[in-house]
Structure formats: structure tokens, C-alpha cells
Amino acid sequence: MNSTLVGWDWLVIAVYFGAIGGIAWWSSRRNTNTQEYFLAGRNIGFFAIGCSLLASNVGSEHIVGLAGQGATTGMAMAHWELHAWIIVLLAYFFVPFYYRSGVFTVPEFLEKRFDTRCRWVLSLVSLLAYILTKVSVTVYAGALVFQTLLPDAFGSPQGAFWAGALGTVLITGIYTVFGGMRAVVYTESLQTIVFLVGSSVVTFIGLSQLGGWNELRETLQPHAAQFAFWRPLSDPDFPWLGIMIASPIVGVWYWCTDQYIVQRTLIGKDLATARRGALFGGLLKIAPVFIFLVPGMIGFALHEKGLISMPLIPDGEKMVFNGDQVFPTLVTTLLPAGLRGLVVACLLAALMSSLASLFNSAATLFTVDIYEKIFPGRPEKHLVFVGRMATCVVVGLGVLWIPVMARVSGGGLYQYLQSVQGYLAPPITAVFLLGLGWGRINRQGALWGLSAGFLLGLTKLTIQAFFGVSKINEYPLMTAIGDFNFLYATGILFAVSMAITTGVSLLHPAPDKKKIQGLTYASVREVAADELKASWDLGNRVLTTVILLLVASIYLYFSFWLM
């Protein structure tokens, strides 16, 4: 089948862009102040919040990267995609703190709980994390799709790669800059539907070509060790203990404390809606295992049976799957015209929704937490303009980081993402869990825990980029640190951050109870018990039960599915 897009494909893509443009134009007319621009006026319903949470989470790096991981490491990465149970934690435990405090950003909340220095540290590290992970990885994954689908449209595959990268950034940047949070949320509702449908089509057609689910299981059973959900402790990449340690640490940071995600819950019209929106997003979060990871395993099975040919790359003396090319290859070889355009629109939706969320969050962080602190009292329109300029700078730095990613990534795009997040997440998770759960934690402990944890994490990331068996290996200690399993490194960083935060806090006086009233779990239940109970209504309790039962069922099934 021709691997380039044809007329029907372009028509579907054009309809998608037309819809996005219309929504963005309609949204842009209402941006008159910072609350409207950054938080959509705080009057959004639960459906849009839930869609926005999933769309923010699922970028092209999920579709491309998870399919690649499915083809190369099977279900190992599914643990990160079953974090719906952590989103329940977000709705039940964290959202009441954020929503009741009336903050624009998570670092602003950290200032209320501790002090301005903690807010500065978290703001700067969050912007750095966006550049190292979200911008660069999302753009890189989307560009890979352009390189595969349109290899000659821009002179060469490399030309297609950079045209796709810069083109999608420009288009997304335009509607985000002018439309603000309302444009982001409403376009993400459409984009969520598009990429759920588009990715489901790939799963359905792939299983049909293969012969069904049982055929997939039978084809993978001879390779059960490669595709298993749980790996032995001897596994160099995904030992089960490392996964149990690192996955929750990264999950709590990402879903419960990252501005990129939390900002979606701050736009609800009331606390009950904010919590229900988070839970609805948790329900949607279960889908990626089946529509992103499973297609990768289908691609492996189709290749094993000789029905399609997957791209291979050398790995030492053997040839292995080029994981980041698995999903584009499935699209070009399995789908007919029109459907291929739908899936390309799905990829664009995932790419643009994540970028749009990122752009708006980065603008909010820089404007509210940095610029406004340095230059207080500036007019609302001026602050909106500064936020737009901040977006442009973050995007530019993220694009410049793309060539460096290959040096850090040894196991594929998605593994790179989890690796970097595993080095940045531990101190944030430690400080938030301790700060909200224990009133004895003070500003000195939080500052030392955040700062020391970040420095150690960036040190590990820097050494990993340059030293290792397959990189610079003349220095045994540096090689050992560079190749040390990222899952265990995440756990060690978390333990160190917890110890530093606790130890330093105990060396200084306890914070004034009046100043942290409503900012710890115990105190917020004292002052707002009725409000919390009313906002955790029957609908939210039912959603919570459904999510937890589904996650438990998936864990149980895939723990034994290849036996």
C-alpha cells in the first residue's frame, strides 16, 4: 500500500483543522483578564475537565512511544498507564486543597504552605521539566510520524521530520496564544474523541488482520518473558520491585502536583465538579493500555507471522524492532485511505492537545510565579501578553533539546520520558506528601528537600547522558551511575528527599498552626468537613468504585494472560 497520504486522508485532516480553528476563534473572544486566560473563568463542567486531563496526558509520544514499548517490552510500561487509581487520590485528597485556596498554580499553593523560596524552586524546575520532557518528547514523536508518512514531501525524510515538528508547534502555538485556557479545554474535548476513535481503529483492524485476541496471545506466548506484565528481579530494565517503587512516585508527582495536570482541576465551576472532572479523567485514563500498548504487541505478532514487515535496527550483533516506527508502520500498511487520515488526525490531536496544555501551563507558571513576583502590579492585559511570550521561549528551548534526547534515551521514546520524570519527580512527591500529611514539616525542610533532590536528580540525568557501557566507559564509577536502573534511582532519590525534608524540619521550629490552617489534611477537615462531604457525592463515589474495580481487574488479567 502506498505510504503517502491521498485525497480522502487530506480531507479528513482538513475537517479536523477546521473544527479546531473554529473552536479556538470562538474561545479567543473572551480573554479579557488573567483568570479567563489562564483558568477559563473557573466555570468549566466535569466532562470538559476529564477530557482535558486525558488529552493533556496523552500526547503523540504516548501513541508512538507506547506502541513501540508494546512491540519491544510488552506490558512492562502498562503500570504507568494504570495510574487511574492515583487520579482517584488527586480527586479525593489533593483537589480540595488546591481548589479551596483559590490559587492559579501549584507553586503558588506551595508558597502558602511554606514560603516564597519553595515556590521559586518548584516553578523553575517545573519549567525545566517541561523543556526536557513534554515539549521535546511530544514534538519529536509527532515529527517521527511525518517522517514516515510523508518521507519525500519536504525533500527528504529529515526534511519531513523538521517540517512536521515546527509546523505543528506553530499551529498549536497560535491557537493557544490567542485562545487561552478556554480554547485549550474545548479543543481538547474534541481531540480526546478523535484520538480515542482513531487509535481504537488501529487496534480493531490489527486484531482482525491477526485473527483475534486469542491469536495474539498464542503468538506472544513463546516470548512470554519479553511481553510479561511483571518481570523478575534479574530483569535489567523493568524489575518488578523497581516498578512498584518508581511508578507510584512518578504517578503522584505527575497526577497530583504537576501544574500541567492540576491546572485542569482548578477550572471547575465548584469543588464537586472539579473532583468529578478528575474522576472522569481517571476513567478515561484506563483506555491507553488497549489502544496504545496493545497495537504495539499486535505489530510484533503480525511481523512474526509474516503479515507485515516492521523496521529493524541493529542492537549489538542482532537486529531488533525500531520501536518508535511501529505505530507509523501499522498506519501505513494496515489502513485504507480516509481511515489513514483519521489516524493521522488522531496523532495530530494527541500532539496538539498535549502541546496546548503545556503552552498554557508554562505561560501560567512563568507569568504568575516568576514575572509577577519580580514586577508586581502590572495590568491584566500586560500579564496576558507576557504569558504569550513565555510560551514562545519554552517551545523554542524544547525544540533545541530534541537532538540531545537520543543520547539519554537508550530504550525508546517512552522509556526516556519515564526515566527523566523519575529523576525530577521524587523531591516534589516527597515534599507534597509530607507537607500535606504532617503539619510539623516547615519551610526550611521543604526548601532543602526540594533543592537537594533536584540537584541529585539532574546529576544522575547528566551522567546518564554521557556515561555508560555503550557511551563513555573509561571511568567505572561514572559508568555504573550512568547505567544504574532508573527505577531504583527514583526510589533512592525519593527516600533521600524524604529524609532531608524530615530531618531539616525537625532541626527547626514547627510552623505556626494558624498560618497552615486549611493547608494540611487534618486542618482542612477541621474547617471544611461539611463542604468536603457534600462535594464527594454519590456520583463521585460511584465513579471511584468503577475506576478501582477496572484497574484491579486489568492487573489481575494481565498478571496471568500469557501463562
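What follows is calculated from the coordinates using simple rules that are stated; it is not laboratory data. In this text the structure is predicted, and so the values were computed from the model without any measurement. Don't worry about glycine lacking a Cβ; one is built from the backbone with ideal geometry, like all the others, and counts go over all protein chains shown.
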Quiz item: When the scattering of the chain is computed by the Debye formula from its Cα atoms alone, each counted once and equally, what is log10 I(q)/I(0) at q = 0.08, 0.10, 0.12, 0.13 Å⁻¹?
Solution: -0.51, -0.81, -1.20, -1.42
Quiz item: Along the Cα-to-Cβ line of residue 221, 7 Å from the Cα, sits a label point; which residues in region 534-563 have backbone N less than 17 Å from it?
Solution: 558-563
Quiz prompt | Exposure proxy order (Cβ contacts within 10 Å, fewest to most) of 555, 260, 475 | solution = 475, 555, 260
Quiz item: In what sequence do 292, 94 fall when counting other Cβ within 10 Å, fewest first?
Solution: 94, 292
Quiz item: Tally Lys/Arg at +1 and Asp/Glu at -1 over every other residue whose Cβ is under 14 Å from the Cβ of residue 312; what's the total?
Solution: -3
Quiz item: Which Rg and Dmax, in Å, describe the Cα atoms of region 463-503?
Solution: 12.7, 39
Self-check item: Gain in span if fully extended, residue 523 to residue 244, counting 0.36 nm per residue against the direct Cα distance
Solution: 97.4 nm
Quiz item: Counting Lys and Arg as +1 and Asp and Glu as -1, each charge on the Cβ, what is the dipole of the chain about the Cα centre in debye, to the nearest 20?
Solution: 1560
